[in-house]
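K.L.:
This is the structure I have questions about; it appears just below.
The values are calculated or read from the model by the stated rules, or taken from the named source; none is laboratory data. Note that the structure is a prediction, hence the values are computed from the model and not measured. Here the Cβ positions follow ideal geometry from the backbone for every residue, glycine too, while neighbour counts run over all protein chains shown. Surface areas here come from the heavy atoms of the whole protein model, side chains and all, with no ligands, DNA or RNA. Shrake-Rupley method; radii C 1.70, N 1.55, O 1.52, S 1.80 Å.
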Amino acid sequence: MNTRFIETFVTLAQLRSFRATARALHATPAAISLRIKSLEDELQTELIDRTSKEFRLTANAEYLLSYAKSVLDATRRLQNAVRGRLRLGVIESVVHSWLAHYVRQLNASYPELEIDLTVDMSTVLEKRLRARELDLVIRVEGINSSEIVSDALAIYPVRWIARKGLLSSRKEGLIKRVLEHPILTFGRGTAPQRMLEEIVESLANQVGIPLEQTRITCSPSVAAIVQLVQDGYGIAAIPSLFVSNYLVSGEFVELPVHPIPPSIIVSMCLHANAEMLVHAAASAARLACASYCTQVDQRYVEALC
């Protein structure tokens with residue numbers, strides 16, 4: 001239900017004039033009338049007695065007025081609660097996907113909210129959240145703690161990515177040719193990097209290559225990994241979302257190497273006893289992530305919230 005329509009109804013009930021209400025709300029009388037009609041349609045009841053020559057609320061409107069005032073009061077309390085500062089921590093995967101969408105939504109909904117943004121690895125963000133240096137964290141996987149609430153937001157499928165032409169198109173011996181190049185992945189110590197190490201060891205054993213001859217290059221920067229792939233330096237195990245444009249243009253290709261690295265699950269974490277401001281920001285994050293995912297091919301990212 002649109003709170004602007006509820007505000008119009010309460011103001012109209014107080015001023016008892018469409019023209020006066022229009023002046024108070026900086027609108028036209030026609031716009032005020034349309035808002036009231038829309039509210040009536042939604043509530044399925046008449047609010048204004050249109051048979052009377054003088055302005056008069058219907059009996060149902062008189063009954064609903066106190067509820068409408070309560071809704072406005074609650075809305076104002078919520079708006080006042082978010083006039084503060086949000087210490088937000090995110091991983092770079094979020095920066096390269098729906099962060100801008102989220103921040104725009106926060107600015108639109110809570111224009112007086114100040115955002116202090118930290119971009120770092122999941123392990124660092126967890127430590128800072130536990131130390132209450134951050135209010136809300138969006139990272140890989142949840143946090144196992146009775147004091148922290150974790151919600152999975154989205155899943156990012158990971159693929160083997162290479163520059164077109166870096167490897168021959170022959171499927172025979174593909175794994176061996178892949179392992180001859182540096183394997184690019186996220187920062188050392190992250191969940192994706194640890195899982196990739198196990199996969200590389202398995203692949204090396206499969207084709208009889210000594211593990212010490214394989215090379216894994218770690219970087220916390222998605223942009224750096226993409227640039228290294230573009231330069232033909234190595235082969236990346238990253239979400240295909242981050243190179244979707246290159247895949248569509250044909251500059252990059254997905255390699256049919258198995259096993260495929262596990263998908264990355266991005267989760268939101270906050271203290272269970274966090275302030276209303278943080279819970280409001282968390283709700284906005286769910287909506288922003290879900291909205292972003294509807295605009296992107298599910299092969300690249302899928303909402304879980």
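K.L.:
Say whether the condition of being under 30 Å from Glu114 (Cα atoms) and surrounded by 14 or more Cβ atoms within 10 Å (Cβ to Cβ) is met by at least one residue in segment 221-236.
P.N.:
The answer is yes; a qualifying residue exists.
K.L.:
Can you pull out the residues in segment 195-234 that are polar (S, T, N, Q), under 21 Å from His96 (Cα atoms) and at pLDDT 95 or above?
P.N.:
If the condition is that a residue be polar (S, T, N, Q), under 21 Å from His96 (Cα atoms) and at pLDDT 95 or above, then Thr217, Gln227, Gln230 are the ones that fit.
K.L.:
Would you mind finding the one in Gly89, Gly84 that is modelled with pLDDT of 95 or more, of a type outside the set (Phe, Trp, Tyr), within 28 Å of the chain's Cα centre (by Cα) and surrounded by 15 or more Cβ atoms within 10 Å (Cβ to Cβ)?
P.N.:
Being modelled with pLDDT of 95 or more, of a type outside the set (Phe, Trp, Tyr), within 28 Å of the chain's Cα centre (by Cα) and surrounded by 15 or more Cβ atoms within 10 Å (Cβ to Cβ) holds for just one of Gly89, Gly84, which is Gly89.
K.L.:
Here's a follow-up. I'm trying to understand the selection: among the residues of segment 68-95, which are in contact (Cβ under 8 Å) with a residue 40 or more places away in the chain, of a type outside the set (A, V, I, L, M) and in contact with a strand residue (DSSP E or B) (Cβ under 9 Å, 6 or more places away or on another chain)?
P.N.:
If the condition is that a residue be in contact (Cβ under 8 Å) with a residue 40 or more places away in the chain, of a type outside the set (A, V, I, L, M) and in contact with a strand residue (DSSP E or B) (Cβ under 9 Å, 6 or more places away or on another chain), then Gly84, Arg87, Gly89, Glu92, Ser93 are the ones that fit.
K.L.:
How many of the residues in segment 53-70 are open to solvent by 30 Å² or more (accessible area, probe 1.4 Å), outside any helix (DSSP H, G or I) and under 18 Å from Gln14 (Cβ atoms)?
P.N.:
So the answer is 3.
K.L.:
Just for segment 196-211: of the residues that are in contact (Cβ under 8 Å) with a residue 24 or more places away in the chain and assigned to a helix (DSSP H, G or I), which one is nearest to the chain's Cα centre (by Cα)?
P.N.:
Once the filter is applied, the top-ranked residue is Leu196.
K.L.:
Another question about this same structure. How many residues are over 17 Å from Val94 (Cα atoms), open to solvent by less than 80 Å² (accessible area, probe 1.4 Å) and free of Cβ contacts under 8 Å to residues at least 60 places away in the same chain when one looks only at segment 112-135?
P.N.:
Qualifying residue count, segment 112-135: 2.
K.L.:
List the number of the failed condition for Ala281; all other conditions in (1) in contact (Cβ under 8 Å) with a residue 60 or more places away in the chain; (2) surrounded by fewer than 20 Cβ atoms within 10 Å (Cβ to Cβ) hold.
P.N.:
The single condition Ala281 does not satisfy is (2).
K.L.:
Six or more apart or on different chains, Cβ atoms under 9 Å: show the pairs whose first residue is in segment 224-244 and closer than 21 Å to His258 by Cα and whose second is acidic (Asp, Glu) and not in a helix (DSSP H, G or I).
P.N.:
Final answer for the pair search is Ser240/Glu254; Leu241/Asp297; Val243/Glu251; Ser244/Asp297.
K.L.:
A further question on this structure: Tally the residues that are open to solvent by less than 40 Å² (accessible area, probe 1.4 Å) and either assigned to a helix (DSSP H, G or I) or of a type outside the set (A, V, I, L, M, F, W, C) (or both), restricting the search to segment 22-37.
P.N.:
Residues meeting the conditions: 5.
K.L.:
Scan segment 34-49 residue by residue and report those that are in contact (Cβ under 8 Å) with a residue 12 or more places away in the chain, acidic (Asp, Glu) and either within 16 Å of Ala13 (Cα to Cα) or in contact with a Cys (Cβ under 6 Å, 6 or more places away or on another chain) (or both).
P.N.:
Glu46
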